[in-house]
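Before any comments, here is the structure.
The values are calculated or read from the model by the stated rules, or taken from the named source; none is laboratory data. Predicted model only: the values in this text are computed from it and were never measured. Glycine gets a Cβ as well: all are built from the backbone with ideal geometry, and neighbour counts include every protein chain shown.
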Amino acid sequence: MALYEYVTKEQLAGFDRYKYSAVDTNPLSVYVMHPFWNFLVKFLPTWLAPNLITFTGFMFLVLNFLMLAFYDFDFTASSAGNQHVPSLVWVAAGIFNFLAYTLDGVDGKQARRTNSSTPLGELFDHGLDSWACIFFVATVYSIFGRGESGVGVVTLYYILWVVLFSFILSHWEKYNTGILFLPWGYDISQVTISLVYLVTAVVGVETWYQPVIFNLLYRDLFTFMIIGCSFTVTLPMSLYNVLKAYRSNTLKHSSLYEAFLPFLSPVLLFVLSTAWVVFSPSKILELQPRMYCLMVGTAFANVTCKLIVCQMSNTRCEPLTWLLLPMTVVVGGAVTRVFTNETLLLYLWTAAVILTHIHYGVSVVRAPAHTLITAFVVVG
């Protein structure tokens with residue numbers, strides 16, 4: 001498929017004019033993590049490409065996901081009476097998660113250190129970040145499990161959506177203000193998740209089912225932390241930053257419709273995926289929770305990447321992502337029993353979504369790279 005089918009000439013021209021602008025006010029990030037990353041990046045060889053650092057960090061999250069899928073595919077290993085995940089797996093998960101977080105913080109510093117910062121690098125970084133949401137959410141869920149002693153796969157599904165919408169809020173802000181306001185919840189959650197893995201290796205998963213106060217369990221506190229960060233910190237700050245841009249007359253989109261246009265596809269994806277969960281004849285989420293969440297997270301990443309391309313190129317966000325059209329057919333066929341084998345349908349659709357997203361990602365990343373190379377040849 002040709003590049004122009006994914007990226008327009010207007011968007012390619014927008015990449016040439018793009019300048020990175022971000023604000024990070026999180027005390028943990030400013031006073032702890034950034035000094036640590038500044039120290040760490042000095043030990044990296046200058047020939048090490050920032051995009052390779054980005055990709056390596058992402059693959060640590062994928063490795064975590066695959067590792068826990070091997071030991072706990074259906075999220076039952078932490079339930080009462082079942083074989084627990086080995087302690088060394090939790091140690092590895094904690095180390096891999098922190099490495100992924102660290103590399104995600106170092107890649108930009110390496111780019112600036114080697115004078116190799118480009119829109120391509122940011123696009124690659126944020127595109128993988130959008131896909132990473134499903135991998136770390138589904139992996140950490142294996143600690144809490146499902147069933148009577150667990151938090152339930154429906155809870156997992158809605159927690160995933162809370163994380164996904166928290167992620168897209170930052171890029172919605174940038175789409176409207178031109179500035180990427182880095183969310184406070186990200187750094188806090190990544191450090192916490194890494195520690196939770198390591199603590200689990202020492203105390204065992206049973207500890208998270210112990211009451212803290214008023215029959216509130218430790219795992220409930222972790223769930224409340226995720227939801228609380230999103231609705232009491234991330235969402236209010238996002239709305240405040242957009243409102244501030246509106247009051248200062250620097251908002252990029254004047255009408256409410258244009259300002260909120262990036263939410264149309266994510267909301268439709270939420271409606272479609274939730275409809276499948278609610279009306280599924282075979283209770284597909286209970287039957288295949290890991291695969292279902294992988295499908296939803298990948299489809300969301302595809303939607304988010306298109307928003308990232310638009311906000312980086314300063315172009316209008318498309319109202320609907322074409323991937324949602326065949327998904328409507330898939331969901332309709334599943335809930336009306338046109339497709340009788342829902343599990344097979346889910347696996348086929350998940351494979352189609354993953355392959356489509358990979359093809360989109362590779363094509364879009366190559367597009368600005370091709371433009372940069374052409375410009376270099378012309379100038380040279």
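Miscellaneous remarks
- Note on segment 1-36: among residues that are of a type in the set (A, V, I, L, M) and in a loop (DSSP other than H, G, I, E, B), the one that is modelled with the highest pLDDT is VAL7.
- ALA301 touching a Gly at 6+ places or on another chain (Cβ under 8 Å) and in contact (Cβ under 8 Å) with a residue 24 or more places away in the chain: yes
- Conditions (1) crowded, with 22+ Cβ neighbours inside 10 Å; (2) under 28 Å from ILE354 (Cα atoms): number failed by VAL162: (1)
- Total residues in segment 141-190, condition at pLDDT 85 or above, of a type in the set (Gly, Ala, Ser) and assigned to a helix (DSSP H, G or I): 4
- A count restricted to segment 240-259 and to residues that are in contact (Cβ under 8 Å) with a residue 12 or more places away in the chain, surrounded by fewer than 17 Cβ atoms within 10 Å (Cβ to Cβ) and not charged (D, E, K, R) stands at 1.
- Applying the criterion of at least 2 residues that are among the β-branched types (Val, Ile, Thr) and touching a Ser or Thr at 6+ places or on another chain (Cβ under 7 Å) to the helices (runs of 4 or more DSSP H) found wholly in segment 230-314 leaves 289-313.
- The residues in segment 67-83 that are in a helix (DSSP H, G or I) and loosely packed, with under 12 Cβ neighbours inside 10 Å can be counted, and the count is 1.
- The set of residues in segment 37-56 that are in a helix (DSSP H, G or I) and free of Cβ contacts under 8 Å to residues at least 60 places away in the same chain comprises PHE39, LEU52, ILE53, THR56.
- Among the criteria (1) farther than 15 Å from ALA334 by Cα; (2) free of Cβ contacts under 8 Å to residues at least 24 places away in the same chain, the one ASN314 does not fulfil is (2).
- Considering each residue of segment 191-212 in turn, at least one proves to be surrounded by fewer than 21 Cβ atoms within 10 Å (Cβ to Cβ), in a helix (DSSP H, G or I) and acidic (Asp, Glu).
- Just one of the numbered conditions (1) loosely packed, with under 14 Cβ neighbours inside 10 Å; (2) under 28 Å from ARG146 (Cα atoms); (3) under 26 Å from the mean Cα position of the chain (by Cα); (4) of a type in the set (A, V, I, L, M) is not true of LEU216: (3).
- Candidates are the residues of segment 27-58 that are buried (at least 16 other Cβ atoms within 10 Å of the Cβ) and closer than 20 Å to VAL140 by Cβ; the one that is nearest to the chain's Cα centre (by Cα) is PHE58.
- Where GLY94 falls short, out of the listed (1) in contact (Cβ under 8 Å) with a residue 60 or more places away in the chain; (2) assigned to a loop (DSSP other than H, G, I, E, B); (3) surrounded by fewer than 21 Cβ atoms within 10 Å (Cβ to Cβ): (2)
- The conditions of being of a type outside the set (S, T, N, Q) and in contact with a strand residue (DSSP E or B) (Cβ under 6 Å, 6 or more places away or on another chain) are met by PHE181.
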